[in-house]
Structure formats: structure tokens, C-alpha cells
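Report on one structure; see the data block that follows.
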There are 2 protein chains.
Amino acid sequence: MRYFITIRYLGTRYCGWQRQPNGLSVQQCLEEALSTVLRVSVSVVGAGRTDAGVHADKMIAHFDVESPLSDSTSVVRALNSLLPPDIAVYEIRRVQAEAHARFDAIARRYRYTIVQRKDPMRMHTAARCGYGLNVERMNEAAALLLEYQDMTSFSKLHTDVKTNNCIVTEARWECADDCQLIFHISANRFLRNMVRAVVGTLLDVGRGRLSVDDFRKIIEARDRSQASTSAPAEGLSLVEIEYPASVWLD
Amino acid sequence: MRYFITIRYLGTRYCGWQRQPNGLSVQQCLEEALSTVLRVSVSVVGAGRTDAGVHADKMIAHFDVESPLSDSTSVVRALNSLLPPDIAVYEIRRVQAEAHARFDAIARRYRYTIVQRKDPMRMHTAARCGYGLNVERMNEAAALLLEYQDMTSFSKLHTDVKTNNCIVTEARWECADDCQLIFHISANRFLRNMVRAVVGTLLDVGRGRLSVDDFRKIIEARDRSQASTSAPAEGLSLVEIEYPASVWLD
């Protein structure tokens, strides 16, 4: 039987979600904790990868076990005791046997946080930007992402996906308290490195290095070399993953 | 001439504000950075001490220099480059020669944050509480703090202060987003360890170990042994310090 597990992590210490030959991954920590608690070797499949240093307010993964969990609440509690303070488990929920954390996700949302002055309280969860930014112009450019589907210009080169098409449904900057600037972006899917490449390029719009029209040309070029340097990992967090109601069993 | 410097720090790595023979203090880091930038040995006097692991959204300290700072903005920038990511400087402002960061402060405000479930994003800035809490009752008890001045029951024993009287002007719990419970407390002054002792005792009210009336009796006992164990350091942050307008020069 298959379960979805909902977790949250501070990615600072990890080489990313995905297991790597060198470096500690969130996946490895979770698999080890699950295997210990359930007393059977467990593998998990995540809804997506997060890069080294990227966080997740909410990540979902699936795993299979032979017999049903009699009390998922106590499994959650045991996992939280076992896992380090930077990884938490919130829910384990039974799904259809063929439900897939990655392939069945219909929408994902990310948040990118920028602080415009040094902020010790956000040293792990925000990127710092020392220059002035024109947020209005950044929002004009961000809105263009909803007009296009081919996001090749913001994709890591040489990935193995069949299509670079993404349906972006939300892309906006919000000026929040305390000198914070928060970028919200939702899409049915994201390409590797896409949010950080989008943010890096929008920051160049914000500081006047690129115009809104340049941003449009970059999207249309379908060429990663046209976009700007990716924004740093620490500002990025996966915040939501949506599934159709049909995946849940109960 | 004397200046007030406004700083923010994440206290996790430090043995507290105050210099200690063993362990790194925020004061030491700040004095070293100031001495490097101003090219003269500088000592700072803080508005108060924070214990090991306690944070400050806003701490103020004073220091003296022989000649006026020609450009305080660039001193702030240089300090921020030099200081580690968990300490930030926001402002340096000239004050009256006799202004004193500690003695002239007329009000201070602290915040204590509790998370009711494990939260990696707040692992450094909140304490976790695994049991259910009756917030209404905690607020009833907290309101009693405004009726009394002698806070001996919440004071560290054997401190050298002349009086244990504090005028508490605000003491309330707020239920915030995301399973957070935040305690706001303001007073003209605080005794050592006072907020953490108050919070620890209010948590015992919240979980039903103490009644609101017991809390009143604890205040009236003027005896530290009556109060509960102090709440852990990581949940506490100094958030505001107020001075009379007369301290500022200009």
C-alpha cells in the first residue's frame, strides 16, 4: 500500500532533496528514519527535487509498505523525534496504489525571499540584495511569464525532460514587512533551476540592467544563455504541491 | 562624543550579549568590528544583557569616540561587511554626551515565540511545546503581572540590583499563524531571567498544572522557588528599547 508523507525542511545543511553520492540529502535522512520506525527498508519518491540549500515549507513524497500503518499519528511522532531539528514530518496519508508524488502533482508553488538589508533572523531563509529595486517594473516583467509556456530560457541545460513547457499561473512580487521582497510563483510544473533563473533575471530588471521588453525577448529566445545568473539557493522555498482529490484513499 | 548603535542578532551561536571569559559574545564581536572600522579601541555598553542563545531584533548600545564620525552610513556598511551573518548593524546615531544605553532606557519589550509543532524554519527562533495549552487562561494569568510591581518570584537569585520592582505595561499571548503562540511583554525594566521565568510559569498555567489563582499567589510569594522552570532561551527575543527624545543630539 502507498502513502504520501508531508514534510518541511530547512535546506541549509543538505545537498538537496535527492540522494547524492557525496553529501547528506533530505531524502536519505527521511528514508533512514522511516526504515527505522517501520522496521523495514523504505524508499521515498519526492514530488520534485530541491537543489542544495533550497528549503521546503511543504514537500510531499510517496512510499510503499506491505501492511497498512495502524496508527500514522504515532509514526509521525516517532519520525519527528528521530529526524534532526531541520526536518519535520506533518502527515502520512494513504493514497491510491498507483498515486505518484511527482507525476500526479497538478500544481506547485514556490516562494523566493529577498531582504534588502542584512537580517540575522533570515540569514538561512532569504537572499540579500544590496541595491535598489523597481518592484513595479519587476512585476510587469513577471506578468509576462503567464503569456508564454516554453521556459527553455530559464532551464538548466542538458536536462532529460521531454518538454520545457510550463503553465505559469501566478508570478508576482510582494513588498512585505521589514524590508522583505517576496516572489510568489505557481505553475503546473517547473524546470530544474527555473525559479532561481527567473528571479535572477527579474532582479536585473529591478535594478535597471534589463528592461521589461528585454525580459520578454529573453523568454522568446528560448536560450538559457540569454537569462541572468540564478539567484542564490537560500532564498528559495517550495511552499505547496497540489494533487487531484482522486489520489487520496479514504 | 557618544553614539548609540542599533543592532540585531541571532543569539544561537553566542554565550549572550555580555563578554565572558569563555565563549563568544555579541559584545565582543561588535567591539572588535567597531575597533577595526574606526581604527581605535572601542568599548560598548549595552542596554541590557541577553542570555546565551537569546536573540535581539533590536539591541542598543552606546560607545564613545574622540572625534565625530563623518559618515555614519559608511561605518554601518563597513561593520555589516565585517560582522558575521548573524549580527547586523542598522544605525549609528549621535547622542548627548551623558546619554546611557542602559540607564536612560525607559521601556523595553520582549517577545517569546512558541511553536506547537516541530518547525524547521523556526528551529533557531522558537521553543517547541508539545502539549495542549489553554491560551485564554494564560492570558488571564498574564494580565495579573500588570497589577503587581515586585517581580522577585521571576528573578534570578542573588543578583546585585537594588529593587525587584518592574512596571509591566503589556503581557499578552497572541495566537499567530502556523501553530505559533507569541508572548508580548513590555516593562520599564526587566530582572535577569524574568521573561523566561514568567513564560515557564504561564506555560504551567496553560497546561493546567497551575490555576490563574496559583499564578497570583506565586507573584505575591516574592520567592523564585515558587515559580516554574524557565522557558528555553531560543524562544526569546528583545524587540524594542525606548529612550526619551532628550537623549538624541540633533
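The values are calculated or read from the model by the stated rules, or taken from the named source; none is laboratory data. Just so we're clear, the structure is a prediction, and the values are computed from it rather than from any experiment. Cβ sites come from the backbone with ideal geometry, for glycine too, and all protein chains shown count toward neighbours.
For region B:187-202, taking the residues that are in contact with a strand residue (DSSP E or B) (Cβ under 8 Å, 6 or more places away or on another chain) and assigned to a loop (DSSP other than H, G, I, E, B), the one that is farthest from residue B:106 (Cα to Cα) is identified as B:190. Out of all the residues in region A:192-212, is one or more within 22 Å of residue A:47 (Cα to Cα) and either among the charged types (D, E, K, R) or in contact with a His (Cβ under 8 Å, 6 or more places away or on another chain) (or both)? Yes, because at least one residue in region A:192-212 is within 22 Å of residue A:47 (Cα to Cα) and either among the charged types (D, E, K, R) or in contact with a His (Cβ under 8 Å, 6 or more places away or on another chain) (or both). Looking across A:210, A:202, one residue alone is over 19 Å from the mean Cα position of the chain (by Cα) and either surrounded by 14 or more Cβ atoms within 10 Å (Cβ to Cβ) or closer than 14 Å to residue A:126 by Cα (or both). It is A:210. Inclusion of residue A:84 among residues that are touching a residue at least 40 places away in the same chain (Cβ under 8 Å) and more than 14 Å from chain B (Cβ to nearest Cβ) is not warranted. With out of contact with any Pro (no Cβ under 7 Å at 6 or more places or on another chain), modelled with pLDDT under 95 and either of a type outside the set (Ser, Thr, Tyr) or at positive phi (or both) as the only criterion, which of A:69, A:79 stands out? After ruling out the rest, the residue left standing is A:69. Say whether the condition of being under 25 Å from residue A:113 (Cβ atoms), without any contact (Cβ under 8 Å) to a residue 24 or more places away in the chain and not polar (S, T, N, Q) is met by at least one residue in region A:21-33. Yes. Taking region A:58-74 as the range and being within 14 Å of another protein chain (Cβ to nearest Cβ) and either small (Gly, Ala, Ser) or surrounded by fewer than 20 Cβ atoms within 10 Å (Cβ to Cβ) (or both) as the test, the residues that pass are A:58, A:73, A:74. Of the candidates A:108, A:117, A:122, the single residue that is of a type in the set (Lys, Arg) and more than 14 Å from chain B (Cβ to nearest Cβ) is A:108. If you go through region A:150-171 and keep only what is polar (S, T, N, Q) and more than 17 Å from residue A:192 (Cβ to Cβ), you end up with just A:169. Counting only residues that are touching a helix residue (DSSP H, G or I) at 6+ places or on another chain (Cβ under 6 Å) and not hydrophobic (A, V, I, L, M, F, W, C), region B:225-250 holds 4 of them. Of the listed requirements (1) more than 18 Å from the chain's Cα centre (by Cα); (2) in contact (Cβ under 8 Å) with a residue 40 or more places away in the chain; (3) not in a loop (DSSP other than H, G, I, E, B), residue B:184 misses just one: (1). Tell me whether region A:130-139 contains one or more residues that are in contact with a strand residue (DSSP E or B) (Cβ under 6 Å, 6 or more places away or on another chain), at pLDDT 95 or above and surrounded by fewer than 20 Cβ atoms within 10 Å (Cβ to Cβ). Looking through region A:130-139, at least one residue is in contact with a strand residue (DSSP E or B) (Cβ under 6 Å, 6 or more places away or on another chain), at pLDDT 95 or above and surrounded by fewer than 20 Cβ atoms within 10 Å (Cβ to Cβ). Against the condition away from chain A (no Cβ under 14 Å), farther than 25 Å from residue B:230 by Cα and surrounded by fewer than 20 Cβ atoms within 10 Å (Cβ to Cβ), how does residue B:99 come out, does it pass? So residue B:99 fits the description; yes.
Residue pairs whose Cβ atoms lie under 7 Å apart, separated by 6 or more positions or on different chains, with the first residue in region A:133-159 and within 16 Å of residue A:187 (Cα to Cα) and the second aromatic (Phe, Trp, Tyr) and in a helix (DSSP H, G or I), are A:144/A:215.
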